[in-house]
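Engineer: Would you mind keeping the following structure in view while I ask a few things?
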Amino acid sequence: MSAARLPAALAPWGGALSALSPELALALGPLLLRLDQLVGAREPVADGPGEPDGTGGIGRSGRPEQLLPAEWLLAEEHPDEFLRRFVDRELLYLAPEFRSTVTRGRTVVLVDAGPSQAGPGRLVQLAALLVLHRRAAARGSQLLVGVLGDPPGRWLAGEPADLLPSWLAARRPTEPTAEQVREATADLDAADRVWLLTSPRLADGLPGLPPGPAAGGPSGPPRVLATEVARWGPAGATHVTVRLGRTELELPLPAADIAVRALRGAEFRRNGPALVPTPADAVGPPGRAMPAFTTDATVLLTRGRHEGILLATDVRQSDHRHAAVTRTKAHRLNGQVIAAGRTGRRLFALHLHRGRVLRYVSGRQVGGAAEFAVDPAFLGLDATVAEVLASRPLLPLLRSGDDLLVPVAGRWRRIAPDSAVTDDGPVDRRAEGPHGFERFREPRLFERTPQRDAPQARHLVHAGGTAAWSEDGRHWTVWTRLGEERRLSFREKAWVAGLVHDGREPVLITWSPDSRMVRAIRYNSTRTLSRFSGGTAPPAVHPTEPLIASEFSPGRVVVGDATTGRIHHVIGSND
């Protein structure tokens, strides 16, 4: 099942469903979507916009009254140019900011692993965990899963690929009690949102359950999702009744064969590529160039109009006062370009052609076998993975002695000059993001030993000898290359696209999927990089230089200074 054939309704679930096989993702789809609607009213993805808090910079989208005065003057003096800029999304708007005082607590899920929830009940729990995990991640909070009957304070956490196998292995021979629910919620924080996934028997015994203590427990009783079988067929249960509060729905279950395999863990997979290549929160027409800095060289690699075209542009800092239109060299390869990287004066690339992975070298040739050809299966490169990679930035291709290193399908692969492939270890789960592999999150590419709690942190970025880590994605601890500590934070829902340096000070580069604004976050200030905002994906940030590249319209890329927002180059190619 290829990624492109997934129903459009499941597109927003690409990241979560990558922990399941494509077959189980499709079979679970109807149950997943109905549960998401049911849960949505009680577990919103985002809080209200809050109170207006002035403007947060300049963007390329907004209402007419937010247009800059200069744009209205342009409309009066040069209406044709105004219309052209409107069509190309080049008009500038004031971007409003809002202040929210809502406390963001964790999402805590208590699961009933007793006999009454075996089979159909566990399938509903599986879908509910995916729903709640996605909503917690969208709010920037954490999902904790506790099994009723375990000692208080024992939690399962992490991404679905790591969380689901642990949850599935948690089976209890006896039914849980209301007292166990009370014990599990006693020590939770007041801001935590508590859910209980159980049977109607336990749910009906909870109305008198008091809230947690005022000093520490949650502010109210759990939200209870109760499940029981509604209809049976020749092969087993076909429908379940799900009750949440006063709402009761009858929902379909996956077919018996795929359901049994799921309950045995055979349909779970770890570190698989996301099933949907384009992020669900991308707004507007997707880019096709997908710029990337894959090595430390100041060479920006982009995709061409056709799958075999690789475009390379040297974007070293310009001495010009104005943006310069640079020359881009087009490398025409056979088949789909998978990975590429510039090392010294050579440009290496891997491309998939007629069932083989071939090597391309631009510059002085290298030694090795006369014919370099690799079986895609040795790289974990099947049809689904190749289709996903075609809609993402190029993978990095790194030199390690005479070998090549490339991260494919959650594993590092080492390719010798004679085409021999060996497994070189797993890709860190934090480096497999919804927009593809992100080298600045891979700990093995950090040239220093990570400091303090960085290796275990949920979020990690590094660049130029500096490492930054965070548990919630908004409050970051930074240990600089000079041995200094900084605290950086931001309020909006944003994705950290990279880390650069302004002199000796670290700067986080963030991209917001809602407003598509790019910002530079310092410990004492925030700068909106309006000229790099408006893209449908996060910008590319150089791993060692303060360079940033953004495709703000399909096929057109701007490159500049990530600390000042100044544009150095404008890249466009007929290829």
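The values are calculated or read from the model by the stated rules, or taken from the named source; none is laboratory data. Bear in mind the structure is a predicted one, so any value in this text is a computation, not a measurement. Cβ atoms come from the backbone with ideal geometry, glycine included; neighbour counts cover every protein chain shown. The area values use the complete protein model at the heavy-atom level, side chains included, leaving out ligands, DNA and RNA. Shrake-Rupley method; radii C 1.70, N 1.55, O 1.52, S 1.80 Å.
Engineer: Which one is surrounded by the fewest Cβ atoms within 10 Å (Cβ to Cβ), of the residues in the stretch 526-575 that are assigned to a loop (DSSP other than H, G, I, E, B) and β-branched (Val, Ile, Thr)?
Structural biologist: Of the residues in the stretch 526-575, the ones assigned to a loop (DSSP other than H, G, I, E, B) are 529, 533-539, 542-546, 554-555, 562-566, 573-575.
From the residues that got through so far, the ones that are β-branched (Val, Ile, Thr) too are 536, 544, 563-564.
On the way: 536: 19, 544: 16, 563: 20, 564: 12.
Here the residue is 564.
Conditions (1) modelled with pLDDT under 70; (2) open to solvent by 20 Å² or more (accessible area, probe 1.4 Å); (3) in contact with a Cys (Cβ under 7 Å, 6 or more places away or on another chain), marked per residue:
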| position | (1), (2), (3) |
| --- | --- |
| 254 | no, no, no |
| 259 | no, no, no |
| 265 | no, yes, no |
| 270 | yes, yes, no |
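Engineer: Does residue 533 count as touching a residue at least 40 places away in the same chain (Cβ under 8 Å) and among the small types (Gly, Ala, Ser)? Quick ask: steps written out before the conclusion?
Structural biologist: Working: touching a residue at least 40 places away in the same chain (Cβ under 8 Å): yes; among the small types (Gly, Ala, Ser): yes.
The answer is yes for residue 533.
Engineer: Additional query: Can you give me the number of residues within the stretch 461-490 that are part of a strand (DSSP E or B) and either surrounded by 21 or more Cβ atoms within 10 Å (Cβ to Cβ) or among the hydroxyl-bearing types (Ser, Thr, Tyr) (or both)? Spell out the reasoning first.
Structural biologist: Our first condition is that a residue be part of a strand (DSSP E or B); within the stretch 461-490, this holds for 461-463, 466-470, 475-479, 485-489.
Narrowing further to those that are either surrounded by 21 or more Cβ atoms within 10 Å (Cβ to Cβ) or among the hydroxyl-bearing types (Ser, Thr, Tyr) (or both): 461-463, 466-470, 476-479, 488-489.
Number of matching residues: 14.
Engineer: Next question. So, residue 94, is that one without any contact (Cβ under 8 Å) to a residue 40 or more places away in the chain, part of a strand (DSSP E or B) and in contact with a helix residue (DSSP H, G or I) (Cβ under 6 Å, 6 or more places away or on another chain) or not? Before the answer, list the steps.
Structural biologist: Details: without any contact (Cβ under 8 Å) to a residue 40 or more places away in the chain: yes; part of a strand (DSSP E or B): yes; in contact with a helix residue (DSSP H, G or I) (Cβ under 6 Å, 6 or more places away or on another chain): yes.
Answer is yes for this residue.
Engineer: Restricting to the stretch 227-252, and then to whatever is touching a residue at least 24 places away in the same chain (Cβ under 8 Å) and of a type in the set (D, E, K, R), can you tell me which residue is nearest to residue 113 (Cα to Cα)? Full working, then the answer.
Structural biologist: Pass one, the stretch 227-252, residues touching a residue at least 24 places away in the same chain (Cβ under 8 Å): 227-229, 236-237, 240, 242-245, 247, 249, 251-252.
Those still in the list that are of a type in the set (D, E, K, R) too: 228, 243.
Working: 228: 14, 243: 18 Å.
Per the criteria, the residue is 228.
Engineer: Is it true that residue 414 is outside any helix (DSSP H, G or I), surrounded by fewer than 21 Cβ atoms within 10 Å (Cβ to Cβ), without any contact (Cβ under 8 Å) to a residue 40 or more places away in the chain and not hydroxyl-bearing (Ser, Thr, Tyr)? Steps first, please.
Structural biologist: Values: outside any helix (DSSP H, G or I): yes; surrounded by fewer than 21 Cβ atoms within 10 Å (Cβ to Cβ): yes; without any contact (Cβ under 8 Å) to a residue 40 or more places away in the chain: yes; not hydroxyl-bearing (Ser, Thr, Tyr): yes.
Against the criterion (outside any helix (DSSP H, G or I), surrounded by fewer than 21 Cβ atoms within 10 Å (Cβ to Cβ), without any contact (Cβ under 8 Å) to a residue 40 or more places away in the chain and not hydroxyl-bearing (Ser, Thr, Tyr)), residue 414 qualifies.
Engineer: Here are some residues: 438, 432. Which one is closer than 24 Å to residue 304 by Cα, free of Cβ contacts under 8 Å to residues at least 12 places away in the same chain and under 25 Å from the mean Cα position of the chain (by Cα)? Talk me through it step by step, then tell me what you get.
Structural biologist: Working: 432 fails: free of Cβ contacts under 8 Å to residues at least 12 places away in the same chain.
When all the criteria are applied, what remains is 438.
Engineer: Can you name the condition, by its number, that residue 354 falls short on among (1) open to solvent by less than 40 Å² (accessible area, probe 1.4 Å); (2) over 20 Å from residue 294 (Cα atoms); (3) free of Cβ contacts under 8 Å to residues at least 40 places away in the same chain?
Structural biologist: Failing condition for residue 354: (1).
Engineer: Can you tell me how many residues within the stretch 481-504 are basic (Lys, Arg) and closer than 16 Å to residue 448 by Cα? Give the derivation first.
Structural biologist: From the stretch 481-504, those basic (Lys, Arg) are 481, 486-487, 491, 493, 504; that's our starting set.
Now narrow it down to the ones that are closer than 16 Å to residue 448 by Cα: 481.
Total meeting the criteria: 1.
Engineer: Can you pull out every residue in the stretch 33-46 that is open to solvent by 70 Å² or more (accessible area, probe 1.4 Å) and at pLDDT 85 or above?
Structural biologist: 34, 37
Engineer: A further question on this structure: Check off (1) out of contact with any Pro (no Cβ under 9 Å at 6 or more places or on another chain); (2) at pLDDT 85 or above for residue 215 and give me the number that stays unchecked.
Structural biologist: (2)
Engineer: I've got another one for you. State all residues of the stretch 111-156 that are in contact with a helix residue (DSSP H, G or I) (Cβ under 7 Å, 6 or more places away or on another chain), surrounded by fewer than 20 Cβ atoms within 10 Å (Cβ to Cβ) and either assigned to a helix (DSSP H, G or I) or of a type in the set (A, V, I, L, M) (or both); if no residue qualifies, say none.
Structural biologist: Within the stretch 111-156, 116 is the sole residue that qualifies.
Engineer: Run residue 443 past the list (1) in contact with a Leu (Cβ under 8 Å, 6 or more places away or on another chain); (2) crowded, with 18+ Cβ neighbours inside 10 Å and report the number of the one that doesn't hold.
Structural biologist: (2)
Engineer: Follow-up. Just to be sure before I move on: is residue 509 modelled with pLDDT of 90 or more, out of contact with any Phe, Trp or Tyr (no Cβ under 7 Å at 6 or more places or on another chain), among the aliphatic types (A, V, I, L, M) and under 20 Å from residue 545 (Cα atoms) in the structure I sent?
Structural biologist: Numbers: modelled with pLDDT of 90 or more: yes; out of contact with any Phe, Trp or Tyr (no Cβ under 7 Å at 6 or more places or on another chain): yes; among the aliphatic types (A, V, I, L, M): yes; under 20 Å from residue 545 (Cα atoms): yes.
Yes, satisfied.
Engineer: On the basis of being on the phi > 0 side of the Ramachandran plot and either in contact with a strand residue (DSSP E or B) (Cβ under 9 Å, 6 or more places away or on another chain) or among the acidic types (Asp, Glu) (or both), does residue 153 make the cut? Give the steps one after another, and end with the answer.
Structural biologist: Values: on the phi > 0 side of the Ramachandran plot: yes; either in contact with a strand residue (DSSP E or B) (Cβ under 9 Å, 6 or more places away or on another chain) or among the acidic types (Asp, Glu) (or both): yes.
Taking the combined requirement at face value, the residue satisfies it.
Engineer: A further question follows. Taking the stretch 219-233 on its own, how many of its residues are outside any strand (DSSP E or B) and either open to solvent by less than 40 Å² (accessible area, probe 1.4 Å) or at pLDDT 85 or above (or both)?
Structural biologist: Summing the residues that are outside any strand (DSSP E or B) and either open to solvent by less than 40 Å² (accessible area, probe 1.4 Å) or at pLDDT 85 or above (or both) in the stretch 219-233 gives 2.
Engineer: Just to be sure I understand, how many residues within the stretch 13-30 are modelled with pLDDT under 80, among the hydrophobic types (A, V, I, L, M, F, W, C) and not in a helix (DSSP H, G or I)?
Structural biologist: 0
Engineer: Which of the following residues is in contact with a Gly (Cβ under 8 Å, 6 or more places away or on another chain) and either at positive phi or small (Gly, Ala, Ser) (or both): 383, 409, 431, 420?
Structural biologist: Details: 383 fails: in contact with a Gly (Cβ under 8 Å, 6 or more places away or on another chain); 431 fails: in contact with a Gly (Cβ under 8 Å, 6 or more places away or on another chain); 420 fails: in contact with a Gly (Cβ under 8 Å, 6 or more places away or on another chain).
Answer to the check: 409.
Engineer: Do you know which of the residues in the stretch 47-93 that are aromatic (Phe, Trp, Tyr) and more than 15 Å from residue 530 (Cα to Cα) is modelled with the lowest pLDDT?
Structural biologist: So in the stretch 47-93, the residues aromatic (Phe, Trp, Tyr) come out as 72, 82, 86, 93.
Okay, now just the ones that are also more than 15 Å from residue 530 (Cα to Cα), so 72, 82, 86.
On the way: 72: 88, 82: 88, 86: 83.
Filtering the stretch 47-93 for residues that are aromatic (Phe, Trp, Tyr) and more than 15 Å from residue 530 (Cα to Cα), the one modelled with the lowest pLDDT comes out as 86.
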